[in-house]
1. Within the stretch 76-94, is even one residue at pLDDT 85 or above, in a helix (DSSP H, G or I) and more than 30 Å from residue 163 (Cα to Cα)?
2. Only residues that are part of a helix (DSSP H, G or I) and touching a strand residue (DSSP E or B) at 6+ places or on another chain (Cβ under 6 Å): list them for the stretch 150-173, please.
3. For the stretch 116-134, what are the residues that are of a type in the set (A, V, I, L, M) and either within 15 Å of the chain's Cα centre (by Cα) or closer than 22 Å to residue 106 by Cα (or both)?
4. Of 191, 118, 217, 132, which residue is at pLDDT 90 or above, surrounded by 14 or more Cβ atoms within 10 Å (Cβ to Cβ) and of a type in the set (D, E, K, R)?
5. Which one of the conditions (1) of a type outside the set (S, T, N, Q); (2) at pLDDT below 85; (3) under 17 Å from residue 116 (Cα atoms) does residue 197 fail to meet, given that it meets all the rest?
6. Yes or no: residue 325 at pLDDT 80 or above, more than 23 Å from residue 209 (Cβ to Cβ) and among the acidic types (Asp, Glu)?
Amino acid sequence: MQLFRFANPGFLYLLLLLPVIAALWMFYQWRKNKALQKFGDPGLVKKLMPEYSSIRPNIKLFLRIIALTSVIIILARPQFGSKLEEVRKQGVEVIIALDVSNSMLARDIQPDRLTRAKQALTRLIDNLDNDKIGLIVFAGDAYTQIPITTDYISAKMFLSTISPDMVPKQGTAIGSAIELGMRSFSPGENKSRALIIITDGENHEDDPVSAASEAAKAGIVIHTIGIGSVEGVPVSVKGGGSTDFLKDAEGNTVITKLDEDILKKIAITTSGNYVRASNTNIGLDEIFNEIRNMKKEELESKMFTEYNDQFRIFAILALIFLLTEFIIMDRKNRKLADIKLFRYKL
């Protein structure tokens, strides 16, 4: 099995120039034909220019475009991976537990708590290198969204789809998220493992501090990020084309407040850090710096290596098409036109 890739894929954007070149050429030809029509009847004008060819310039343009396409592909460096091998990298395992309860739709953090957290997590994933990452979502219960992996592209893809609608049970069960996170790390002793919990801290379901104590015994460090305001704000909900506020069973507007105390206790129990998010800083950078200082462990992964460049065929094609374009003249050659390779006697 071989894996194909471009070593410099950014050059492929130059292919967007090709339809522009073709469009400009068509416009030029149209202007030229309009100009010829001013001299008189097109058929008569054509007889007055016996050497003129309307097909050859188009053929030459086609050859130039094919040659340019080949050159762009050469610049992008097409490669085939010729070997699949197991490699060991130094890194840590990080699991993100993201609160997706309805209270995360509050807009005290712009544009809202959940969207802002997802944006920060996307930037965090972009900065990962050798580390493994997993993603858990929780509300009234916790669910694995992405098992521990080094597939950062899939992690970002799943992250973009997260919303409160994906969980059947509302609420905020931080303890369940911690317990699921403990089970989600790769098995083995003495591994560097960190769990990052992003929530407004309004725990309604269980005892997260007890769960944090169990995590500490397993050597898992929990960092918490409190997102929201301690003063409290109503939760915006959309329905019927308009925006309203979330109501409780008695019809009262629900006010969601950040519970910093519970998040601080969770972090302290596991020797982690607590950071309060703001509109300008979610706090992931500070926590990720702490994670970077953790002892790096060997993480197994498989990848294609020994990529071989495959640009030679495109270089040959570009040379052939350029030489052919150079040989073809724009106008008909009278001497060549008089040459008859086959003569027939009637």
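1. Yes, the stretch 76-94 has at least one match.
2. 155, 158
3. Answer for the stretch 116-134, where residues must be of a type in the set (A, V, I, L, M) and either within 15 Å of the chain's Cα centre (by Cα) or closer than 22 Å to residue 106 by Cα (or both): 117, 120, 121, 124, 125, 128.
4. 118
5. All conditions pass for residue 197, except number (2).
6. Here the answer is yes, as residue 325 does meet what is asked.
The values are calculated or read from the model by the stated rules, or taken from the named source; none is laboratory data. Not measured: the values here are computed from a predicted model. Cβ sites come from the backbone with ideal geometry, for glycine too, and all protein chains shown count toward neighbours.
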